[in-house]
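Following: one structure in structure tokens, then a few remarks.
The values are calculated or read from the model by the stated rules, or taken from the named source; none is laboratory data. All values reported here derive from a predicted model rather than from experimental measurement. Cβ: placed from backbone, ideal geometry, glycine included. Neighbour counts: every protein chain shown.
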Amino acid sequence: MIQPEADPWGFDEEPVETLADVLQAQVPDLALLAAFLVLAFISFRRKSVPLKYATLVAAVAYMGFTKSTLISITDVFRLVDWDLPVFRSSLLWYGFAGVTLVSTVLWGRFYCGRVCAFGALTQLMDAVLPATWRVEVPKPLEARAAWIKFGVLAGVLAYYVATHNLLVYQYVEPFWMFTLVGTTPMWVGLGVLLVASAFVRNLYCRFLCPLGAALGVLSNLTVFRIRRWSECSTCRICQKACEWGAIQGPKILVTECVRCDDCERLYADQQKCPHWRILDYQAKKKVLPLTPVR
Ligand code: SF4
Ligand code: SF4
């Protein structure tokens, strides 16, 4: 005998996804993002070199190759169009973009210094490749080349506003590499960029990245800036130590600084930073016994 179908007219309701279901599905990703960001902030607050490198490795492995979660110029396009994703199903995007914006206003390009997977990759390359390979870009050339990224940002934004062609991002950003999906010319271009980065440290971030340029512009609002001593106008130790060309005499260029901590560790070093030696010298001078007058 043929059994009648349970619901021949299709009157049974489809199960409706509740808000709790939507949120629950995002909890693991949100928890892991929060754990990564906590690591990044602790490494930043403590100015710890091992924790910074742990953060960079996590940025490449987890944020890059596992999740491909990076802020991109396409997120700037979204803001231009005010075409934001649905809040309840995109908590990760809102959380990540929110932290990036707020941290940039508070500390400058913190995102570039340790959160962005591509920036982390080139910093790790710089740490493992022989220092003898490095080519130091002459300072006047470096200062001019730093403007290229602002030109790229202006050009790509103008192109997007005129055409609304989102795919333009792949010509100005290599972040697609973390998805391992790209055309042959894209991989060849990426190969050239990475080989060049082996000789010129952080080449893409310093000179070409339109997102880095956008964050640099926003960094002009930085609330908590790096402290400088009065001696910094003549001493050039930290200027030479900065791998990002972000120190010019007494000035820190907030558009270039990625809060890598290198100069701040130097300021705190009472053996290396002349500020402390001068203080020490002045203190000793004050307690020196006066030469008795005969
Ligand atoms: S400059 Fe661009 S690639 Fe470099 S760390 Fe910043 S966002 Fe990433
Ligand atoms: S060395 Fe100092 S000025 Fe240079 S990028 Fe690092 S934190 Fe910024």
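Things worth noting here:
- Test: residue in the range 140-161 that is loosely packed, with under 12 Cβ neighbours inside 10 Å, farther than 20 Å from SER219 by Cβ and touching a residue at least 60 places away in the same chain (Cβ under 8 Å): yes
- Of the criteria (1) part of a helix (DSSP H, G or I); (2) of a type outside the set (A, V, I, L, M, F, W, C); (3) over 21 Å from GLU173 (Cα atoms), which one SER89 fails: (1)
- Residue check, GLY119 more than 11 Å from ligand 1 (Cβ to nearest atom) and under 20 Å from the mean Cα position of the chain (by Cα): no
- Unmet criterion (only one of (1) assigned to a helix (DSSP H, G or I); (2) without any contact (Cβ under 8 Å) to a residue 12 or more places away in the chain; (3) of a type in the set (A, V, I, L, M)) for VAL57: (2)
- Unmet requirement for LYS240, which otherwise passes all of (1) within 16 Å of ligand 2 (Cβ to nearest atom); (2) assigned to a helix (DSSP H, G or I); (3) in contact (Cβ under 8 Å) with a residue 24 or more places away in the chain: (3)
- Residue check for VAL38: out of contact with any helix residue (DSSP H, G or I) (no Cβ under 9 Å at 6 or more places or on another chain) and surrounded by 10 or more Cβ atoms within 10 Å (Cβ to Cβ): yes
- Some residue of the range 113-124 being at pLDDT below 95 and in a loop (DSSP other than H, G, I, E, B): no
- Inter-residue pairs, beta-carbon under 7 Å, first within 12 Å of ligand 2 (Cβ to nearest atom) and in the range 110-122, second outside any helix (DSSP H, G or I), 6+ apart: PHE110/ARG259; CYS112/VAL258; GLY113/VAL258; GLY113/ARG259; GLY113/CYS260
- Per this entry, VAL172 is not counted among residues that are surrounded by fewer than 15 Cβ atoms within 10 Å (Cβ to Cβ), aliphatic (A, V, I, L, M) and modelled with pLDDT of 95 or more.
- Pick from the range 249-260, criterion near ligand 2 (Cβ under 10 Å from one of its atoms) and closer than 19 Å to LEU203 by Cα, ranking: surrounded by the fewest Cβ atoms within 10 Å (Cβ to Cβ): LEU253
- Those residues of the range 80-109 which are of a type in the set (Phe, Trp, Tyr) and surrounded by 12 or more Cβ atoms within 10 Å (Cβ to Cβ), in sequence order: TRP93, TYR94, PHE96, TRP107
- Any hit, the range 78-85, residues being among the hydrophobic types (A, V, I, L, M, F, W, C), out of contact with any strand residue (DSSP E or B) (no Cβ under 9 Å at 6 or more places or on another chain) and at positive phi: yes
- Residues located in the range 205-234, provided they are closer than 19 Å to SER103 by Cβ, within 13 Å of ligand 2 (Cβ to nearest atom) and surrounded by fewer than 23 Cβ atoms within 10 Å (Cβ to Cβ): THR222, PHE224, ARG225, ILE226, ARG227
- Screening the candidates SER103, SER89 for the property of being away from ligand 1 (no atom under 14 Å from the Cβ) and within 30 Å of LEU19 (Cα to Cα) yields one hit, SER89.
- Within the range 156-232, helices (runs of 4 or more DSSP H) holding 3 or more residues that are away from ligand 1 (no atom under 11 Å from the Cβ): 169-172, 184-199
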